[in-house]
1. Would you please state which residues of the range 71-90 a label at GLU183 would reach in this model, taking the label point 7 Å out along Cα→Cβ and a backbone N cut-off of under 14 Å?
2. Which value in nm describes the separation of the simple spin-label points at MET25 and ASN152, placed 7 Å from the Cα toward the beta carbon?
3. From the residues SER112, SER197, ALA123, which one has its Cα farthest along the dipole of the range 108-219 in the positive direction, the dipole being from +1 and -1 charges on Cβ of Lys/Arg and Asp/Glu about the Cα centre?
4. Have a look at ILE211, ILE381, ILE307 and tell me which one the Gaussian network model of the chain (Cα, springs below 10 Å) gives the largest fluctuation.
5. If I build a Gaussian network model for the chain, linking alpha-carbon pairs within less than 10 angstrom, which residue out of SER268, SER286, SER339 has the largest mean-square fluctuation?
6. What are the aspartates and glutamates whose alpha-carbon lies under 20 Å from the alpha-carbon of LYS354, with same-chain residues fewer than 8 places away excluded?
7. Per-residue accessible area for PHE59 at 1.4 Å probe radius, Å² rounded to 10?
8. Based solely on its DSSP helices, what 222 nm [θ] is calculated for the chain when runs of n ≥ 4 H residues each add -39,500 (n - 2.57) and the sum is averaged over all residues, nearest 500 deg cm²/dmol?
Amino acid sequence: MKHYDIIIIGGGAAGFFTAINAAEMDSHAKILILERGKDVLTKVRISGGGRCNVTHAEFIPQDLVKNYPRGEKELRGPFHSFMTSDTISWFEQHGIELKIEDDGRMFPVSDSSESIINCFLQATEKLKIDTLKNQSVQNIEQVDAYWNISTNKDQFSAEKILLATGSNPKVWKLLEKLGHSIENAVPSLFTFNIKDSRIKDLPGVSTYTEIKIIGQKLESEGPTLITHWGLSGPAILKLSAWGARKLHDVDYKFNIQVNWLPGHTSESILEELKELKIEHSKQQISKYAQFELPKRLWQQLVKAATIAEDTIWADLNKTQLQALSLQLTEAVFKVDGKSTFKEEFVTAGGVNLKEVNFKTFESKLLKNLYFAGEVLNIDAITGGFNFQNAWTGGYLAAQGMSSK
Ligand SMILES: Cc1cc2nc3c(=O)[nH]c(=O)nc-3n(C[C@H](O)[C@H](O)[C@H](O)COP(=O)(O)OP(=O)(O)OC[C@H]3O[C@@H](n4cnc5c(N)ncnc54)[C@H](O)[C@@H]3O)c2cc1C
């Protein structure tokens, strides 16, 4: 049996970040990363469309945590110790400069996830961290002061172990056997499938909206993109993340109410429509979009309010005015199913957060067993926040392991 001081199970973002930091904090520690795949860091490679959205330019811990539907409370303390600004400095010290995009997302200046992978691989080599691939961990048990680990090929032991296995159900089962409870996994970050004549011919059209899920206390605001399958964009993804569990429970069949004119109500818009009727009495309604709405969307909403294409403003009756105000501010759409967002599947679920000490990311139930990354019941909306969770957990776990 091969012995190490620290064994990291899982060669992804969280696993590598922990291993490197642990080695930097204790240069004598003998560290091993065990990865079941034939490659390490596979998700980092494909992340952010191959550019790796490393983190997000949000520098206030209280605001940063608001991006985590699961983990909001628990990450507050850890972010005071290691957050986005620390991530930026860390990568800078390791030769990677990050840049901020207009929406706050941060990427390596190279625009290539390979820079991050090379940085991690060079660091592990320099720090003499062993990495073994094709080693799928099958069993973990604590015998006296050691953790014994069995893979499909070998046996290892270590004083301390860290699980950074992402969303692998088999590892969650192993942890259940060891006494941990696991929140069941459901998808987060998905787009809504909607078949509706109002948006059928508008893929690519994007506008700012307010959206409510009818019957649930879930609402969001932000850019919304019409796609071939329905609706996507930040406003939808936020709802999918916050509603991950509730929407799973209704089998992704529910109704949403879209306000295409955020900040306005059907009543306020009705008044504005009445003024337009006077101002543009001779003008064909569908010909000129109002309220800065994309023209094709305006035309579809006019049509949905049962207003014929050649109708002029002067001919609009009260019912039509009301129908149009409702289409503009309270348009109801039936959602039937979900689609993956740019293949960026993130899972809600994992190790119950009550069972983890968030000062060190050590298990409260099992001594010398640590966690980092998606293995925990923590997930975020899109924008670099999921990696930030991996970096923060990895850093604090490394500190926890090194201080003992
Ligand atoms: C397409 C895509 C794009 C994304 N883009 C971004 C982005 O730009 N920004 C962002 O913040 N987030 C992004 N995410 C989310 C982000 O990738 C994850 O949150 C992050 O990778 C989690 O890191 P992790 O180390 O916890 O898990 P993972 O990266 O999943 O790594 C877990 C590792 O453990 C290994 N493993 C599992 N079980 C075992 C076992 N039994 N034995 C040994 N090894 C095992 C796995 O093979 C894997 O290599 C993206 C996700 C996807 C799918």
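The values are calculated or read from the model by the stated rules, or taken from the named source; none is laboratory data. Keep in mind the model is a prediction, meaning the values are calculated, not measured. Here the Cβ is made from the backbone with ideal geometry for all residues, glycine too, and neighbour counts use every protein chain on show. Keep in mind that these areas ignore ligands, DNA and RNA; they rest on the heavy atoms of the full protein, side chains included. Shrake-Rupley method; radii C 1.70, N 1.55, O 1.52, S 1.80 Å.
1. Within reach of a label on GLU183: 71-76.
2. 3.2 nm
3. Farthest towards the positive pole: SER197.
4. Sorting by GNM fluctuation, first place goes to ILE307.
5. Most flexible of the set in this elastic network: SER268.
6. GLU72, GLU74, GLU176, GLU183, GLU362, GLU374, ASP379
7. 90 Å²
8. The helix contribution divided over the chain gives -10500 deg cm²/dmol.
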